[in-house]
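Student: Attaching a single structure in structure tokens format; questions to follow.
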């Protein structure tokens, strides 16, 4: 998906949605898959930076591995899914402080950490929405 000419990271996030849809009822498996994808992402991203340079657009495992975090807290309904997806993409694209600085971490960690940060920001907002009782 990283070779798509338009929005490869956004399209790659669809992988997360498929994993979320089928594995969320199986919490332990869901968490294991998320952790494995993140660790594999660190390893592969490090290798790809030696081939293609810092944070190459062909690498999209960071998006779909990280989006699994806020999706874990998202009910299996369309509106919460759209909100979670939009929040994650917003934070991943905008990279508010300190996310942009995380890209400077060397190797695969830098590629993965800024997206994990976007996932954490998204998760916090999703949890706040549910904590204050907004019905979505």
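Student: Looking at (1) assigned to a loop (DSSP other than H, G, I, E, B); (2) buried (at least 19 other Cβ atoms within 10 Å of the Cβ), which is the only condition residue 111 fails?
Tutor: The failed condition is (1).
Student: Sticking with this one: Examine region 26-33 for a residue that is at pLDDT below 90 and surrounded by 15 or more Cβ atoms within 10 Å (Cβ to Cβ), and state whether such a residue exists.
Tutor: Our first condition is that a residue be at pLDDT below 90; within region 26-33, this holds for none.
No, there is no match, as no residue in region 26-33 is at pLDDT below 90 and surrounded by 15 or more Cβ atoms within 10 Å (Cβ to Cβ).
Student: State yes or no: is residue 39 within 14 Å of the chain's Cα centre (by Cα), more than 30 Å from residue 135 (Cβ to Cβ) and surrounded by fewer than 21 Cβ atoms within 10 Å (Cβ to Cβ)?
Tutor: Details: within 14 Å of the chain's Cα centre (by Cα): yes; more than 30 Å from residue 135 (Cβ to Cβ): yes; surrounded by fewer than 21 Cβ atoms within 10 Å (Cβ to Cβ): yes.
So residue 39 fits the description; yes.
Student: Quick one: how many residues across region 61-86 are buried (at least 23 other Cβ atoms within 10 Å of the Cβ) and modelled with pLDDT under 95?
Tutor: Looking only at that region, the number is 4.
Student: I'd like the full set of residues that are without any contact (Cβ under 8 Å) to a residue 24 or more places away in the chain, in a loop (DSSP other than H, G, I, E, B) and under 18 Å from residue 45 (Cα atoms), limited to region 72-106.
Tutor: 104, 105, 106
Student: Let me ask something else about it. Which one is nearest to residue 44 (Cα to Cα) among residues in region 107-124 that are free of Cβ contacts under 8 Å to residues at least 40 places away in the same chain and in contact with a helix residue (DSSP H, G or I) (Cβ under 8 Å, 6 or more places away or on another chain)?
Tutor: Residues of region 107-124 that are free of Cβ contacts under 8 Å to residues at least 40 places away in the same chain, as a first pass: 113, 117, 121, 124.
From what is left, the residues that are in contact with a helix residue (DSSP H, G or I) (Cβ under 8 Å, 6 or more places away or on another chain) are 113, 117, 121.
On the way: 113: 14, 117: 19, 121: 24 Å.
Here the answer is 113.
The values are calculated or read from the model by the stated rules, or taken from the named source; none is laboratory data. Treat the numbers as computed from the prediction; the structure is a model and nothing was measured. Don't worry about glycine lacking a Cβ; one is built from the backbone with ideal geometry, like all the others, and counts go over all protein chains shown.
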